[in-house]
1. Any chance you could check the Cα centroid distance between the range 79-93 and the range 1-73 for me, in angstrom?
2. By how many nm would the segment from residue 72 to residue 101 grow when fully extended, if each residue of separation counts as 0.36 nm and the alpha-carbon distance is taken off?
3. How many times 2.2 N^0.38 Å is the alpha carbon radius of gyration of the range 14-53?
4. How long are the three semi-axes of the equivalent ellipsoid of the range 33-81, in whole Å, if each is the root of 5 times an eigenvalue of the C-alpha gyration tensor, listed from largest down?
5. Whole number please: convex hull volume per residue of the Cα set in the range 5-119, in Å³?
6. Could the peptides 77-86, 5-14 be put in order, highest first, of the mean number of other beta-carbon atoms found within 10 Å of their residues?
7. Between residue 84 and residue 12, what is the label-point separation in nm under the 7 Å Cα-to-beta-carbon projection?
8. If packing is taken as the average number of other Cβ atoms within 10 Å across a peptide's residues, how do 23-32, 37-46 rank, most packed first?
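Laboratory data are not the source of any read-out in this text; all were calculated from the coordinates shown. Nothing here was measured: the structure is a model prediction, and the numbers come from that model. Cβ: placed from backbone, ideal geometry, glycine included. Neighbour counts: every protein chain shown.
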């Protein structure tokens, strides 16, 4: 209706309100999400590289993080966007996925994967048991020596 009313005039027509603000917010989030993912992946890669000094671990973690983010986003779209299996979850009918959900997915999945990556990397160091009388003391060499290891 508005485009046809202003078609032959020099009027500049703008629209405002909550609905338009929601669309603008969704567009901004969509535009910035790849930057967020790139920053998170680069930060994670740098932390893992400084911690474990292994390019292989960094590459595996980056590929795994990307795969997990893609799988999580795909599952959310299938369940909530297309309604597949939503009855099993009691999610109701299919509908749009809120624009803030991808940002939350990136943050939560990145945090979980970094915790998992750090813990599995540290636990891969072989523990050594020292007998001190009746008490066994476990020392994880990677944790103790990792902070004072010479480059």
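1. Value for the Cα centre distance between the two parts: 25 Å.
2. 9.4 nm
3. 1.90
4. Calculated on Cα positions only, the semi-axes equal 26, 12, 6 Å.
5. 161 Å³
6. 77-86, 5-14
7. 4.6 nm
8. Averaged packing, sorted descending, gives the order 37-46, 23-32.
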